[in-house]
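Below is one structure, written out as structure tokens; the observations come after it.
Please treat every number below as a calculation from the coordinates, not as lab data. Quick caveat: nothing in here was measured; it's all calculated off a predicted structure. All Cβ positions, even for glycine, are placed from backbone atoms using ideal geometry, and neighbour counts span all protein chains on display.
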4 protein chains.
Amino acid sequence: MSELERFGVSMPAELLDEFDRAIADASYANRSEAVRDLARRYLVERRWEQPEGDVVGTITLIYDHHVPDLVSGLTQMQHDAEAAVICTTHVHLDHHNCAEVIVVRGTAAEIRRLADRMISTRGVKHGELTRTAIGP
Amino acid sequence: MSELERFGVSMPAELLDEFDRAIADASYANRSEAVRDLARRYLVERRWEQPEGDVVGTITLIYDHHVPDLVSGLTQMQHDAEAAVICTTHVHLDHHNCAEVIVVRGTAAEIRRLADRMISTRGVKHGELTRTAIGP
Amino acid sequence: MSELERFGVSMPAELLDEFDRAIADASYANRSEAVRDLARRYLVERRWEQPEGDVVGTITLIYDHHVPDLVSGLTQMQHDAEAAVICTTHVHLDHHNCAEVIVVRGTAAEIRRLADRMISTRGVKHGELTRTAIGP
Amino acid sequence: MSELERFGVSMPAELLDEFDRAIADASYANRSEAVRDLARRYLVERRWEQPEGDVVGTITLIYDHHVPDLVSGLTQMQHDAEAAVICTTHVHLDHHNCAEVIVVRGTAAEIRRLADRMISTRGVKHGELTRTAIGP
């Protein structure tokens, strides 16, 4: 972790009061920690809008593992993907339903394409792409 | 506007560098202004999750004004709404398509119900609810 | 409006039951109307990810009109924008707070840039960009 | 999986054309598959707005594992949570950064509270909660 720098923020007293209550409610230890998190969330959103540069995504799928060829199809897609699949976790939710969480690294468009292919597969009931990134 | 208070934020130098570039890119004049905006956005999200208390919403609709009874139906819904409709703006986009933007004040659930009713109306092609709030 | 076409959709009975309850709850008159809305929402999201082609956006701002030069600055930005500002509605929410809703047409990037500039202005407390589009 | 039912959807020809192109682009095999996915996504959103009933969430965290007590703190929170943590996957992204993906089951509020606590922890750089659900 790089050296810490310090800067001042001015805020209307009323806004600061409400901010303090909200971050306490969300278990933040102090304002710096909360502001750092908000800054990072802002940066992650912007990086995902840029065509270049690696970001990290999590693809969450809910699917019925009884559908023929579904599991092997999803595996094949991960091997064929332009984005690098880092790992896949499989969870048995009930007799029919599995959750699968795939952590992927690549450009926003590469990850988007892999997520599109997986989510559109027959037997995959619900899928979501979560955007994150490695950063300072 | 209430009195300004000042507090310090510490941030890893690398994170601060990237934050500075991003907020310059988004035309923020300084860090305080950007942090205040991020804090307010965070508070607006949280207020919309609470059952009590007034928030402000903007309902944007795209619709075909040739569909019979559509315009009068949408007007009736606004008069019947639990949430207070503050104003409505109507825009002619092309021969068929209108945009209508409705500014509403009420609890999150009241505004949600009005938006649901309007968006689900036959002839309304696309609708979105935008969440905001009055605040410090 | 173009000619209507009809196609069949097959859905597990249990999913269809839950879907029927949800769309009744959201006041949809029938399944076709709900499916058309979901299809249009899906298409609007995709159009906003494409670099070319016009979309429509609504920029909602909450601001303190007592901040010097704010109103004239926001007006100037609208005149300078690459995207075409179709109309602006101004609402007095209380003694200090105004809401302003700006309907804009242009490419996703042009609208994004205008929204960024307006939202980052000192005195603008909260801003949101709502994505929509004209379409079939 | 329950029995399949079939129903008809009518759609303007122009809208259907654009929908067909978009779902082909997203690799859907046919319209039924795409409509089922849109219906499920709609239902998942609505379930997360309800106070009762179990949903499934994925919490994605990026953190610096060198921060003292961070890993043990995050583990403790998972054991203390009201929501049931189903599994946790840990990924080494580079020398400093780890990604951790936690699959959780419980009410929307229980999962939200656990996510808030984890995301606000010092050393956790970015966190996102992804909403899904088991369903028909």
Rounded to the nearest 10 degrees, what's the angle between the helix C:31-48 long axis and the longest principal axis of chain C, both from Cα atoms, 0 to 90?
40
Have a look at B:R31, B:R40, B:R21 and tell me which one the Gaussian network model of chain B (Cα, springs below 10 Å) gives the largest fluctuation.
B:R21
Cα pair count fraction exceeding 40 Å, expressed as % - the protein assembly as shown
23
For label points placed 7 Å from Cα toward Cβ, what is the shortest-first list of nm distances from C:E82 to its copies?
2.3, 4.4, 4.8
To one decimal in nm, how far is D:H95 from the same spot in the other copies, if labels go 7 Å from Cα toward Cβ? Please give the shortest first.
5.3, 5.8, 6.6
Rounded to the nearest 500 deg cm²/dmol, what is the calculated helix-only ellipticity per residue at 222 nm for chain C, with -39500 (n - 2.57) per DSSP H run of length n ≥ 4?
-12500 deg cm²/dmol
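Peptide A:12-21: average number of partner chain Cβ atoms within 10 Å per residue?
Numbers: counts 10, 6, 6, 11, 9, 3, 8, 8, 1, 2.
Averaged over the peptide's residues, the number is 6.
What are the equivalent ellipsoid semi-axes of chain D, built from the alpha-carbon gyration tensor (square roots of five times its eigenvalues), in whole angstrom, biggest first?
Numbers: eigenvalues 283, 72, 27 Å².
Semi-axes (√(5λ), whole Å): 38, 19, 12.
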Among the lysines, which fall within straight-line cross-link reach of A:K125, defined as a Cα-Cα distance under 30 Å, with same-chain neighbours fewer than 8 residues apart omitted?
B:K125
Run the quick spin-label model on A:H95 and B:H92: label points 7 Å from Cα toward the beta carbon, then report their separation in nm to one decimal.
6.2
When Cβ neighbours within 10 Å are restricted to other protein chains, what is their mean count per residue of peptide B:97-103?
5
If you average the alpha carbon positions of the range B:94-136 and of the range B:63-81, how far apart do those two centres end up, in angstrom?
12
Starting from a label point 7 Å past Cα on the Cβ side, list the distances from D:L4 to the same position in the other copies, nm, shortest first.
2.5, 6.1, 6.6
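Under the definition of Cα pairs under 8 Å and six or more residues apart, what whole-number percent is the relative contact order of the range A:55-132? Don't skip to the end; give the middle numbers.
Values: 150 pairs, mean separation 38.2, N = 78.
Normalised by residue count, the contact order of the range A:55-132 is 49 percent.
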Give me the distance in nm between label points sitting 7 Å out from Cα along the Cα-to-Cβ direction at D:A84 and A:A13, one decimal.
5.1
Chain C - percent relative contact order, Cα under 8 Å, separation 6 or more:
31
Toward the positive end of the charge dipole of the range A:19-128, about the Cα centre and with charges on Cβ (Lys, Arg +1; Asp, Glu -1), which of A:H79, A:L93, A:T60 goes farthest?
A:T60
Quick calc, C:E3 & A:N30: beta-carbon distance into FRET formula, R0 60 Å, rounding 0.05, result 0.45
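With a ≥ b ≥ c taken as the square roots of the eigenvalues of the C-alpha gyration tensor of the range D:55-132, please select rounded if a/c is under 1.5 and otherwise prolate if a/b is larger than b/c or oblate if it is not? Write out the running numbers ahead of the final one.
Working: a/c = 2.01, a/b = 1.66, b/c = 1.21.
The shape class here is prolate.
Given charges of +1 on the Cβ of Lys and Arg and -1 on the Cβ of Asp and Glu, with all other atoms neutral, how large is the dipole of chain C about its Cα centre, in debye to the nearest 20?
Numbers: 15 positive and 22 negative charges, 42 e Å.
Dipole size: approximately 200 debye.
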